[in-house]
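The values are calculated or read from the model by the stated rules, or taken from the named source; none is laboratory data. The model shown is predicted, which means the values in this text are computed figures rather than measured ones. Here Cβ is always computed from backbone atoms with ideal geometry, including for glycine, and neighbour counts include all displayed protein chains. All accessible areas refer to the heavy atoms of the entire protein, side chains included, with ligands and DNA or RNA removed. Shrake-Rupley method; radii C 1.70, N 1.55, O 1.52, S 1.80 Å.
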Amino acid sequence: MKAVLANPQAKGWVEIGDAAEPKPDSNEAVVAVTAFSVNRGEVNRARGGVKGAQVGWDVAGVIERAAADGSGPKAGARVVGFSRRQQAWAEKVALPTVDLAAVPDGVSDAQAATLPVAGLTALYALERCERIIGDRVLITGATGGVGYFACQLAKLMGAEPVALIRSATHKAAVEATGASVIVSEDGAVLAQHGKFRSIVDGVGGPVFAKLIEAMDASGRLVTYGVSGGAETPMPLRPLLMSGDGRIDGFHLYRESEKESASQGLTRLMRLIEQGRLNVEISVQKDWSEIASVAEGLIERQFFGKAVLTL
């Protein structure tokens, strides 16, 4: 079969080539892929990875072969799934049934494909936060997939989302989620906006130090990504003075062991079907365009999600 493969020397660090067809375990279904979405983590893995390795977390498609143990959706069902082995960007993929969910009629394959990494990360990171009803939640990277979903979900959870973005280019789009917006490339202006009990961050880097300073007493900072850099100057005094404030590392693989991806995806699709959660798909192209889309994502050429179709 054809699949997207890592190639650190190629345009966009990926290429379409040949891969072995999946051989499912008894608890896995084989999905004929119709759409997948692109995340920075996958592209960065391909960029620094092994040439020829398969790529991809997010996938939507149709069950070609149901799981032999009888679990999960039956053959012919439309599904969305999360590939822990990162083999989703291919003509077919085998997925454990706990990592896929049936797609309702009111949700398109393209919409569903945006949810596994970005939607689940936003949902589960916010649910790590405590007592957010009526309180302000600071969300970084709100022009990306996770941050955009997090702004909407925080509002649905009864919080007051505050988005920190690098530039004003997409300020109106972020404000449309119900969030108030702070524009700052380095986070220096956060000191003017008071303290936050809950912070959800996917940027890291120098901004992370400013987030620690912005954390309230008993606050919680949930960090899931490092798009702005993997290192930060750590300001210990604000953390000490916060009392029992804490920093939580977030990893979707581990978090989805507490509640399965199947359950979380079903919850998110219900919100889309009800018109309560918006999916912003800025780029939708044939998967033959994967190299240019991957490159554009890393260079921040578009807002929201990119979806490729087969």
(request) Add +1 for every Lys or Arg and -1 for every Asp or Glu among the other residues with Cβ under 12 Å from the Cβ of Gly41, and state the total. (result) +1
(message) Less than 13 Å Cβ to Cβ from Val307, Lys/Arg counted +1 and Asp/Glu -1: what total charge do the surrounding residues give?
(response) -3
(request) May I ask you to give the average projected area over all directions of the convex hull of the Cα atoms of the stretch 76-224, in nm² rounded to one decimal? (result) 10.3 nm²
(request) Just the number, please: carbon plus sulfur as a percent of the accessible area of the stretch 185-310, 1.4 Å probe, no ligands or DNA/RNA counted. (result) 47 percent
(message) Which of rounded, prolate or oblate describes the stretch 112-177 when judged by the alpha-carbon gyration tensor and an a/c cut-off of 1.5?
(response) oblate
(request) Please say if the stretch 217-310 is rounded, prolate or oblate, where rounded means a/c under 1.5 for a ≥ b ≥ c the square roots of the C-alpha gyration tensor eigenvalues, and otherwise the choice is prolate for a/b larger than b/c and oblate otherwise? (result) oblate
(message) For Ala53, what residues show an amide H to amide H distance below 5 Å, using hydrogens built from the backbone and excluding near sequence neighbours?
(response) Ala6
(message) To the nearest 20 Debye, how big is the dipole of the stretch 185-305 about its Cα centre, given +1 on the beta carbon of each Lys and Arg and -1 on that of each Asp and Glu?
(response) 460 debye
(message) Given a 1.4 angstrom probe, I'd like the percentage of the accessible area of the stretch 27-170 that is carbon and sulfur, rounded to a whole number.
(response) 52 percent
(request) Order these peptides, 102-112, 134-144, by their mean beta-carbon neighbour count within 10 angstrom, highest first. (result) 134-144, 102-112
(request) Give me the Debye-computed log₁₀ of I(q)/I(0) at q = 0.12, 0.16, 0.19, 0.21 Å⁻¹ for the stretch 1-144, equal point scatterers on Cα only, no solvent, two decimals. (result) -0.53, -0.86, -1.08, -1.22
(request) Using Cα positions and a limit of under 19 Å, work out the lysines in reach of Lys23, with same-chain residues fewer than 8 apart set aside. (result) Lys2, Lys74, Lys92
(request) Have a look at Gly52, Leu297, Phe208 and report the one farthest towards the positive end of the charge dipole of the chain, computed about the Cα centre with Cβ charges (Lys/Arg +1, Asp/Glu -1). (result) Phe208
(request) Run down the aspartates and glutamates and flag those whose C-alpha is under 16 Å from the C-alpha of Lys11, throwing out any fewer than 8 positions away in its chain. (result) Glu42, Glu289, Glu295, Glu299
(message) Straight-line reach only, C-alpha to C-alpha below 14 angstrom: list the aspartates and glutamates that Lys195 could link to, leaving out same-chain residues fewer than 8 apart.
(response) Asp135, Glu160, Glu213, Asp216
(message) I'd like the trypsin sites (Lys or Arg not before Pro) in the stretch 225-310 restricted to DSSP loop residues with at most 11 other Cβ atoms within 10 Å, sorted by number.
(response) Lys258
(request) Pull out a ≥ b ≥ c, the square roots of the eigenvalues of the alpha-carbon gyration tensor of the stretch 208-264, then state rounded if a/c is under 1.5, prolate if not and a/b is larger than b/c, and oblate in the remaining case. (result) oblate
(request) Of the options Ala67, Pro24, Ala6, report the single residue whose Cα projects farthest towards the positive end of the charge dipole of the stretch 3-78 (beta-carbon charges: Lys, Arg +1; Asp, Glu -1). (result) Ala6
(request) Taking the Cα centre of the stretch 37-175 as origin, sum charge times position over the Cβ atoms of Lys and Arg (+1) and Asp and Glu (-1), and report the length of that vector in debye to the nearest 20. (result) 460 debye
(request) Can you tell me which of 11-22, 231-242 comes out highest on packing, and rank the rest after it, using the mean Cβ neighbours within 10 Å? (result) 11-22, 231-242
(request) Using only C-alpha atoms and all pairs of different ones, pull out the Kirkwood radius for the chain in Å with one decimal. (result) 19.7 Å
(request) Could you do me a favour and compute the accessible area per residue for the chain, 1.4 Å probe, result in Å²? (result) 42 Å²
(request) Would you work out the charge dipole size for the chain about its Cα centre, treating the Cβ of every Lys and Arg as +1 and the Cβ of every Asp and Glu as -1, and quote it to the nearest 20 debye? (result) 300 debye
(request) Pull out the extension gain between Asn278 and Val189, defined as 0.36 nm times the separation in residues minus the alpha carbon to alpha carbon distance; nm, one decimal. (result) 29.1 nm
(message) With n ≥ 4 as the cut-off for DSSP H runs, can you work out [θ] at 222 nm for the chain, using -39500 (n - 2.57) per run divided by the number of residues, rounded to the nearest 500?
(response) -7000 deg cm²/dmol
(request) Could you order peptides 151-158, 64-71 by the average number of other Cβ atoms within 10 Å of their residues, highest first? (result) 151-158, 64-71
(request) Putting +1 on Lys and Arg Cβ atoms and -1 on Asp and Glu Cβ atoms, find which of Gln86, Ala122, Leu100 reaches farthest to the positive end of the dipole of the stretch 77-152. (result) Gln86
